[in-house]
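The values are calculated or read from the model by the stated rules, or taken from the named source; none is laboratory data. Model, not experiment: these values are computed from the prediction. Using ideal geometry, Cβ is built from the backbone for each residue, glycine included, and neighbour counts are taken over all protein chains shown.
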Amino acid sequence: MPVSASSSSLIYRGLKEGGVRMVSALPETWLVHLIRMAEEDEGMTLVRLAKEEEGVGISAGAHFAGVRSAMLMQNHGFLAAVNGIVSCAQLYRIPLLMLISDRGGFGERDPWQTEGGLVTAHLLDALRIPFQRLESPGHVAHRIAQAQTLAYSAGRPVALLLGRDLMWEE
Amino acid sequence: MRRLDALKAVYPELEDCAVVTIMGAVAAELQSLGHRPNFFYLQHAMGLASSLGLGLALSRPELRVVVLDGDGSVLMNLGGLTTLARYRPRNLIHVVFDNESLLSVGGFPTATATGSDLAAIAAGAGVPRTATVRTLDRFRAAFADARAANDLTTIVAKVEAVGPSAYVTDLSLLENRYQFQRYLRDRRPKE
C-alpha cells in the first residue's frame with residue numbers, strides 16, 4: 001500500500017510531542033499507518049468510532065478531564081461531524097485538533113471521493129475553522145505544533161488537511 | 001414515574017460523580033434541584049452526551065461518570081452505544097430517560113413510542129449491564145446496583161412526558177463548562 005509510512009511517522013511524532021494521549025479515528029486508507037501506530041502505542045488511547053461526530057464528544061470529555069486529544073478522519077468524516085463541531089466544540093470552546101485526510105483533489109482516482117474534495121476547504125472557511133495543509137515532510141512538525149497552540153489559545157477547533165503529496169507515494 | 005422524581009431519587013448519589021446531561025428538560029430539572037460544579041449540561045449536540053461521558057471516563061478512570069441521556073438524543077447516536085460498549089468504561093453509568101417523545105419541541109413521538117427498545121439495543125451493542133425500569137423504587141435500585149457493580153450499565157427509565165415550564169436557566173453555558181473543567185482539574189490525582 002503506497003501510503004507514506006515516513007510521513008505518517010512524522011505526523012504521529014508531532015502529535016506525541018504535543019502531548020496528545022488520546023486519538024479517535026475511523027479507518028481511511030491514508031490513515032492506516034497512523035491508526036496502527038496509535039494502536040501499538042501503550043501511551044496512547046485509541047478510540048475507534050462508529051461515526052466521526054462521536055469523536056467531538058470524546059475529545060470534549062477528554063479536554064475537561066485534562067487529556068490532550070486529536071481526531072483522525074477523512075474529509076467525509078469531517079462532513080459527518082459538523083453538527084458536533086458547531087454545537088459542542090464551538091459552542092463550548094473546546095480546543096479540538098482535527099487531522100483530516102483531504103481526499104478528492106487533483107490525482108484522486110476514486111470517483112466517490114471527488115465531491116467531498118470540492119467542499120472541504122469551503123466548509124472549513126464557512127465554519128471559521130482555521131486550517132493549514134500538511135503537504136511536505138519539512139513543515140509537518142511545525143504546523144502540528146502551531147495548530148495545537150492556536151487551538152488552546154483560542155479554545156476552538158482547528159484543522160490540518162493531510163494532502164496527497166504527503167500521504168501517498170506512487 | 002416523573003423524571004423530576006427520578007432525578008430527586010438519585011440526586012444525593014450524584015454528589016461524588018462527574019455528571020453529564022443532555023439539553024432540555026433533563027438539564028433544567030437537574031438544575032432546579034440544585035446545580036453543583038460537578039454537573040455539566042450539554043445544551044446542544046444531541047447524541048453526544050454519552051460520547052462526552054466516554055471521553056471523561058477513559059481519561060479519568062478514578063472518576064465515576066454519570067450520563068443523564070434521553071430517548072431522542074440516544075436515537076441520534078445509536079452507533080455511540082457500540083463505541084461505549086467496545087471500550088466498556090467500568091466507571092460509567094448511562095441513564096436514559098425515555099419519555100417516548102421529543103418533549104421540548106412539541107412532544108412528537110420518537111421510535112420508542114412504537115416499540116424500539118433502547119435497553120435491548122444497548123444490550124445488543126454489547127453494553128454488559130442493562131435494565132428498563134418503570135417505577136421510582138426500581139430506578140433507585142437499578143442505580144444502586146450499577147454503582148455497586150462497577151461496570152458499564154445502561155438504565156432505561158421510562159418516564160412521563162412532562163417537563164418544566166421553561167428550559168433556559170440563568171447558568172450560562174460557558175460558566176458551566178469552565179466550572180466543570182475546574183472541578184475536574186482540582187480533583188486530578190497527583191502523578
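Residue by residue, here is whether (1) within 30 Å of A:ALA154 (Cβ to Cβ); (2) within 14 Å of chain A (Cβ to nearest Cβ); (3) among the charged types (D, E, K, R) holds:
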site	(1), (2), (3)
B:LEU78	no, yes, no
B:ALA119	no, no, no
B:ALA122	no, yes, no
B:GLY126	no, yes, no
B:ALA166	no, no, no
B:GLU175	yes, yes, yes
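Annotation note: of B:PHE97, B:PHE108, the sole residue that is aromatic (Phe, Trp, Tyr) and under 15 Å from the mean Cα position of the chain (by Cα) is B:PHE97.
Starting from residues that are over 13 Å from the mean Cα position of the chain (by Cα) and not small (Gly, Ala, Ser), keep the ones in region B:57-76 and report whichever is farthest from the other protein chains (Cβ to nearest Cβ). Once the filter is applied, the top-ranked residue is B:LEU75. Scanning region A:55-67 for residues that are surrounded by fewer than 18 Cβ atoms within 10 Å (Cβ to Cβ) and at pLDDT 95 or above turns up at least one hit. Please determine whether any residue of region A:90-103 is under 30 Å from B:TYR183 (Cβ atoms) and part of a helix (DSSP H, G or I). Within region A:90-103, one or more residues are under 30 Å from B:TYR183 (Cβ atoms) and part of a helix (DSSP H, G or I). When each of B:ALA45, B:ALA18, B:ALA49 is tested for being buried (at least 22 other Cβ atoms within 10 Å of the Cβ) and more than 13 Å from the chain's Cα centre (by Cα), the lone residue that passes is B:ALA45.
Restricting the first member to region A:43-66 and to residues that are without any contact (Cβ under 8 Å) to a residue 40 or more places away in the chain, and the second to residues that are part of a strand (DSSP E or B) and basic (Lys, Arg), the beta-carbon pairs closer than 9 Å and six or more apart or on different chains are A:GLY43/A:ARG21; A:MET44/A:ARG21; A:THR45/A:ARG21. Exactly one residue among A:LEU79, A:LEU91 is more than 8 Å from chain B (Cβ to nearest Cβ), at pLDDT 95 or above and either out of contact with any strand residue (DSSP E or B) (no Cβ under 8 Å at 6 or more places or on another chain) or surrounded by fewer than 24 Cβ atoms within 10 Å (Cβ to Cβ) (or both), and that residue is A:LEU79.
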